[in-house]
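Trainee: Got a structure for you, questions after.
The values are calculated or read from the model by the stated rules, or taken from the named source; none is laboratory data. All of these numbers come straight from a predicted model, not from anything done at the bench. Using ideal geometry, Cβ is built from the backbone for each residue, glycine included, and neighbour counts are taken over all protein chains shown.
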Ligand code: GLN
């Protein structure tokens, strides 16, 4: 807590509650004394963490990084928050993020930017930028994040930490403020794959309050991470693991520093016994237009609930109901959110639906099929997380499309609903961290964590 407030200039936290945290820590001590260890044999009991401010919390305000939710207090906890609470974790507060998780630099937070602790002139990535910077600055050992199109993996890469986005449906979306419901997934971010495995075990699992939650028994991802491969040796724990390198993930335009660090990581994986195989994901480039049609379409629908009636901000003066809606939304939403509502409303409107939205849905299926083709030849897929290291604040500010293009390597896995990780592998330009992206087939989180753990 002291570190969190001494490092306030980084902008990681939107809300810190010292008395709640101390009370939770005391309760954890009492539970330990009484032998009530909870999930993962007590590994999480008393562990401090913080939640991305996209998860609703009963005892703290929730803003989703937006002025439209300023002073909003939820009557309940998100399932992910409730489960981590049951496991005995101690929440220090709520973490800054891009408004409604729309962005790649945390520059779209309505409240303040987040500074990258490695170089404060640079962005921490986004949209879980506060989450990533808080772990990188050692303000807290673990955090929650959400990933719709890369928002766990890309900030993890930009700040040299480890993050995992599980298979779509593994973590409940109940109480996670919706951006694009068919893509949104929660996941942990921490200093290591091992910490991520412990957190993910506690926060995941079936939830009847989320209609897309997957009905599978509770998973022990930590045990899966430690599970030795058949034929593996101490020196070669990844023996026999086939890692596919999609040629589209290594284009000529990939910056040399990122390519170098990723190749270094791949060489390390080979030393650990993995074999590298060439694969192809031919529709990689199409993931950008497909995502930037589907995500805004869903967002425009999800955000219609913020009308000044039920949640947060309401314009102070208005003539009638319609005027109240208009003023509330004009005042409450930031420019990127408005842009996406307009794009989303456009692609869903009569006459354009077939040309854009329907086409995008068809291509989404083909992108998912491409992965299944690739997984015939390999167990995991590896590549960069982002084409560059973290950029400087203000760069690309006037060009949203430039930021969209930088999502190229994270969007395909999101559209397919696959699990993905970012694991630190080296340093690039300006001494900034670079992560390698590992993607697995559905429900192969254990295999992903196993490879990431071996690499660390
Ligand atoms: N950068 C992407 C976007 O702006 C992804 C964000 C996310 O995963 N929440 O939509």
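Trainee: So, in segment 343-358, of the ones that are at negative phi and without any contact (Cβ under 8 Å) to a residue 40 or more places away in the chain, which residue ends up farthest from the ligand (Cβ to nearest atom)?
Mentor: Filtering segment 343-358 for residues at negative phi gives 343-350, 352-358.
Subset that is without any contact (Cβ under 8 Å) to a residue 40 or more places away in the chain: 346, 349-350, 352-355, 358.
Working: 346: 17, 349: 21, 350: 25, 352: 20, 353: 21, 354: 24, 355: 22, 358: 21 Å.
This residue is 350.
Trainee: Of the residues that make up segment 73-89, is at least one more than 29 Å from residue 220 (Cβ to Cβ), surrounded by fewer than 19 Cβ atoms within 10 Å (Cβ to Cβ) and either touching a strand residue (DSSP E or B) at 6+ places or on another chain (Cβ under 6 Å) or touching a residue at least 40 places away in the same chain (Cβ under 8 Å) (or both)?
Mentor: The first filter runs over segment 73-89 and keeps only residues more than 29 Å from residue 220 (Cβ to Cβ), leaving 73-75.
So of that shortlist, the ones also surrounded by fewer than 19 Cβ atoms within 10 Å (Cβ to Cβ) come out as 73, 75.
Imposing the further condition that a residue be either touching a strand residue (DSSP E or B) at 6+ places or on another chain (Cβ under 6 Å) or touching a residue at least 40 places away in the same chain (Cβ under 8 Å) (or both) reduces the set to 73.
Yes: segment 73-89 contains one or more residues that are more than 29 Å from residue 220 (Cβ to Cβ), surrounded by fewer than 19 Cβ atoms within 10 Å (Cβ to Cβ) and either touching a strand residue (DSSP E or B) at 6+ places or on another chain (Cβ under 6 Å) or touching a residue at least 40 places away in the same chain (Cβ under 8 Å) (or both).
Trainee: Go through (1) over 24 Å from residue 364 (Cα atoms); (2) under 23 Å from the mean Cα position of the chain (by Cα) and name the single condition residue 273 misses.
Mentor: Here residue 273 meets the rest and fails (2).
Trainee: For the structure I just gave you, tell me whether residue 123 is in contact with a strand residue (DSSP E or B) (Cβ under 7 Å, 6 or more places away or on another chain) and either closer than 18 Å to residue 385 by Cα or modelled with pLDDT of 95 or more (or both). Outline the logic, then answer.
Mentor: On the way: in contact with a strand residue (DSSP E or B) (Cβ under 7 Å, 6 or more places away or on another chain): yes; either closer than 18 Å to residue 385 by Cα or modelled with pLDDT of 95 or more (or both): yes.
Yes.
Trainee: If residue 398 passes every condition in (1) out of contact with any helix residue (DSSP H, G or I) (no Cβ under 7 Å at 6 or more places or on another chain); (2) within 14 Å of the ligand (Cβ to nearest atom) but one, which one does it miss?
Mentor: (2)
Trainee: Of all the helices (runs of 4 or more DSSP H) wholly in segment 151-265, which have at least 2 residues that are closer than 30 Å to residue 118 by Cα, modelled with pLDDT of 95 or more and more than 16 Å from the ligand (Cβ to nearest atom)? Please lay out each step first, then the result.
Mentor: On the way: elements: 153-159, 193-203, 221-226.
Fully inside segment 151-265 and qualifying: 193-203, 221-226.
Trainee: Just need a number here: residues in segment 307-352 that are over 27 Å from residue 104 (Cβ atoms) and touching a helix residue (DSSP H, G or I) at 6+ places or on another chain (Cβ under 7 Å).
Mentor: Total satisfying the criteria: 5.
Trainee: Still on this model: Only one of these is over 20 Å from residue 194 (Cβ atoms), more than 12 Å from the ligand (Cβ to nearest atom) and within 14 Å of the chain's Cα centre (by Cα): 430, 417. Name it.
Mentor: Numbers: 430 fails: within 14 Å of the chain's Cα centre (by Cα).
Exactly one residue qualifies, and that residue is 417.
Trainee: Follow-up. Determine whether segment 91-98 contains at least one residue that is touching a helix residue (DSSP H, G or I) at 6+ places or on another chain (Cβ under 7 Å), surrounded by fewer than 21 Cβ atoms within 10 Å (Cβ to Cβ) and not in a strand (DSSP E or B).
Mentor: Scanning segment 91-98 turns up no residue that is touching a helix residue (DSSP H, G or I) at 6+ places or on another chain (Cβ under 7 Å), surrounded by fewer than 21 Cβ atoms within 10 Å (Cβ to Cβ) and not in a strand (DSSP E or B).
Trainee: If you check residue 386 against the conditions, is it part of a loop (DSSP other than H, G, I, E, B), surrounded by 17 or more Cβ atoms within 10 Å (Cβ to Cβ) and under 18 Å from the mean Cα position of the chain (by Cα)? Give the steps one after another, and end with the answer.
Mentor: Details: part of a loop (DSSP other than H, G, I, E, B): yes; surrounded by 17 or more Cβ atoms within 10 Å (Cβ to Cβ): yes; under 18 Å from the mean Cα position of the chain (by Cα): yes.
Yes.
Trainee: Which condition does residue 294 not pass, out of (1) surrounded by fewer than 21 Cβ atoms within 10 Å (Cβ to Cβ); (2) within 13 Å of the ligand (Cβ to nearest atom), if it passes all the others?
Mentor: Tallying (1) surrounded by fewer than 21 Cβ atoms within 10 Å (Cβ to Cβ); (2) within 13 Å of the ligand (Cβ to nearest atom), residue 294 fails exactly one: (1).
Trainee: Being on the phi > 0 side of the Ramachandran plot and surrounded by fewer than 24 Cβ atoms within 10 Å (Cβ to Cβ) is the filter here; which residues of segment 113-139 pass it?
Mentor: Keep residues of segment 113-139 that are on the phi > 0 side of the Ramachandran plot, which gives 125, 138.
Within segment 113-139, just 138 meets the criteria.
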